[in-house]
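Structure first, then comments.
The values are calculated or read from the model by the stated rules, or taken from the named source; none is laboratory data. In this text, all values refer to a predicted model and were calculated from it rather than measured experimentally. When we count neighbours, we look across all protein chains shown, and the Cβ atoms used for this are built from the backbone with ideal geometry, even at glycine. In case anyone asks, the SASA skips ligands and DNA or RNA and just uses the protein heavy atoms, side chains included. Shrake-Rupley method; radii C 1.70, N 1.55, O 1.52, S 1.80 Å.
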Amino acid sequence: MLPQMTFSSRRSPVVCLNGCVASSQPLASLVGVDILKKGGNAADAAVAVAAALAVTEPCSTGVGGDCFCLFYDAKTREVRGLNGSGRSPRALSLDALERLGFSESSPPSPFHALRVTVPGAAAGWCDAVQDFGSRKGVRLWEIPPNGQGIAALIALNILENFSVQEMGHNSADYLHVLTEALKLGVSDTSHYCADPEQVRVPVGGLLEKEYSRRRAGLISMEKARSSCEHGAPEGGDTVYFTVVDREGNACSFINSNYMGFGTGLAPAGCGFTLQNRGSGFSLLREHRNCVGPAKRPFHTIIPALLTAVDTGRLLCTFGVMGALMQPQGHVQVLLNMLEFGMNPQEALDAPRIFVQYNKRMQTWQLSLEEGIMEGVAKELELRGHRVRWAVSGHDRAEFGRGQVIADGCWWDPDSYSPEQSGRVWWAGSDPRADGCAVGY
């Protein structure tokens with residue numbers, strides 16, 4: 001029998017001037033800080049943390065799962081998101097499941113192979129480094145259509161998918177892939193480039209990274225293309241961790257296998273298990289989230305960022321993992337800081353609530369974590385809530401595990417000034433996990 005565990009936090013917020021990492025495993029946090037010290041930015045370090053967590057916490061995350069991230073660019077004060085969730089198999093349909101005897105009332109086990117969706121984490125890591133990392137240091141500007149400068153941009157985007165430097169300057173491999181990329185760029189430009197005041201030119205679609213990846217997939221290193229048609233661009237259990245760097249960039253990142261080790265099924269010869277995110281599909285034909293081929297299921301994992309409305313300045317990067325607890329955790333941790341003046345560590349330490357619908361009992365159930373007063377629980381019961389109080393020990397896992405890194409003490413209006421010189425990071429790590437915040 002497992003001993004009861006108390007989660008009374010004695011942690012102080014971590015305060016630092018340069019970079020900071022907060023995750024659920026100390027070794028993963030240290031890996032991220034090492035990357036920051038070596039010159040990597042927040043996205044570079046976040047991907048390193050994700051990889052480390054796949055080893056230090058494989059019961060929650062890994063390359064067999066999915067990921068999402070938000071990236072805050074300190075120079076532009078823009079926030080961009082990355083969806084690293086995979087899709088269902090192309091042959092999977094409700095008809096196929098029904099032929100096997102499955103239905104909404106009798107679904108396959110959450111750990112059945114039919115619950116596997118294509119893992120998106122590894123591609124998400126690569127995309128995060130490519131799109132947000134510190135490696136793309138220059139930007140090429142060209143005259144837009146009706147000029148043909150877009151051909152150069154298309155070709156460069158395609159070449160990003162190849163290790164051209166390793167091929168060697170003017171080697172056969174290099175000149176081959178360069179030629180093939182230019183063919184594709186010129187083909188697209190010949191077809192689409194025109195007077196944008198007269199016709200629609202899909203510049204945004206032609207320059208999309210996903211489009212360039214699809215076009216790069218047409219290149220064979222063994223054989224040149226004899227013809228080159230234009231493409232068809234479109235119009236323009238979980239771990240949560242967060243990273244900030246000395247430039248002020250922030251990466252809010254979440255990675256998951258879904259239920260612990262996911263399906264528990266490992267590809268032959270591989271050291272990771274495949275997620276069971278397909279459990280998020282409905283088997284009701286009329287449901288918007290009904291299972292279907294090459295379809296992304298309902299997804300629970302969500303990172304968060306907070307910025308100032310007036311200036312766009314980053315206030316904090318944060319998140320709380322834990323299935324349906326996640327949006328509830330976001331709201332509670334945020335309000336702890338915004339409305340109740342708590343620093344990041346205090347905001348994570350505070351007891352939480354979790355509300356969910358109990359299908360078997362056909363009623364809502366409200367869980368109250370240990371630390372919430374008994375009188376409060378009784379009052380809620382009097383108001384008609386079906387209350388679980390006090391949830392303690394290992395059962396507190398249902399309240400999730402969060403991480404917060406804030407830029408300055410913005411939760412304290414008496415001490416905080418947006419115009420302050422220099423940057424001070426304040427960080428906290430959830431006492432419901434084994435991790436920590438590390439800064440330098």
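Looking at the structure I just gave you, is Leu17 at pLDDT 90 or above, touching a Lys or Arg at 6+ places or on another chain (Cβ under 8 Å) and open to solvent by 50 Å² or more (accessible area, probe 1.4 Å)? Before you say what the answer is, go through the steps one by one.
Details: at pLDDT 90 or above: yes; touching a Lys or Arg at 6+ places or on another chain (Cβ under 8 Å): yes; open to solvent by 50 Å² or more (accessible area, probe 1.4 Å): yes.
Answer is yes for this residue.
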Only residues that are more than 14 Å from Glu346 (Cα to Cα) and either modelled with pLDDT under 90 or under 20 Å from the mean Cα position of the chain (by Cα) (or both): list them for the stretch 411-433, please.
-> Pro413, Asp414, Ser415, Tyr416, Ser417, Pro418, Glu419, Gln420, Ser421, Gly422, Arg423, Ala433
Taking the stated definitions as given, is Asp434 open to solvent by 30 Å² or more (accessible area, probe 1.4 Å) and of a type in the set (D, E, K, R)?
-> yes
Selection within the stretch 312-360 - surrounded by 14 or more Cβ atoms within 10 Å (Cβ to Cβ) and among the small types (Gly, Ala, Ser) = Gly319, Gly322, Ala323, Gly329, Gly341, Ala347, Ala350
In the stretch 72-103, residue modelled with the lowest pLDDT [restricted to those that are assigned to a strand (DSSP E or B) and in contact with a Ser or Thr (Cβ under 8 Å, 6 or more places away or on another chain)] = Val79
Between residues in the stretch 68-85 that are open to solvent by 20 Å² or more (accessible area, probe 1.4 Å) and residues that are polar (S, T, N, Q) and part of a strand (DSSP E or B), which pairs lie under 7 Å by C-beta distance while being six or more apart or on different chains?
-> Phe68/Asn83; Leu70/Ser252; Val79/Thr307
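Listed here are the residues, each with its yes/no results for (1) in a loop (DSSP other than H, G, I, E, B); (2) basic (Lys, Arg).
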residue	(1), (2)
Lys223	yes, yes
Glu229	yes, no
Phe241	no, no
Ser252	no, no
Thr263	yes, no
Leu274	yes, no
Ala294	yes, no
Pro297	yes, no
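Return the only residue of Ser88, Ser93 being open to solvent by 30 Å² or more (accessible area, probe 1.4 Å), of a type in the set (S, T, N, Q) and over 18 Å from the mean Cα position of the chain (by Cα).
Working: Ser88 fails: open to solvent by 30 Å² or more (accessible area, probe 1.4 Å).
The conditions single out Ser93.
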Residues Ser429, Ser417, Ser392, Ser367: which one is out of contact with any helix residue (DSSP H, G or I) (no Cβ under 9 Å at 6 or more places or on another chain) and open to solvent by less than 40 Å² (accessible area, probe 1.4 Å)?
-> Ser392
In the stretch 297-307, anything open to solvent by less than 20 Å² (accessible area, probe 1.4 Å) and farther than 18 Å from Arg277 by Cα is listed as Ala304
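Give the residue that is nearest to Pro327 (Cα to Cα), with candidates limited to residues of the stretch 401-423 that are among the small types (Gly, Ala, Ser) and touching a Ser or Thr at 6+ places or on another chain (Cβ under 9 Å). Walk me through how you get there before you give the answer.
Of the stretch 401-423, the ones among the small types (Gly, Ala, Ser) are 402, 406, 408, 415, 417, 421-422.
Adding the requirement that they be touching a Ser or Thr at 6+ places or on another chain (Cβ under 9 Å) leaves 402, 406, 408.
Working: Gly402: 11, Ala406: 19, Gly408: 24 Å.
Only one residue fits best here, namely Gly402.
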Among the numbered criteria (1) over 30 Å from Gly19 (Cα atoms); (2) modelled with pLDDT of 75 or more; (3) open to solvent by less than 40 Å² (accessible area, probe 1.4 Å), which single criterion is violated by Cys193?
-> (2)
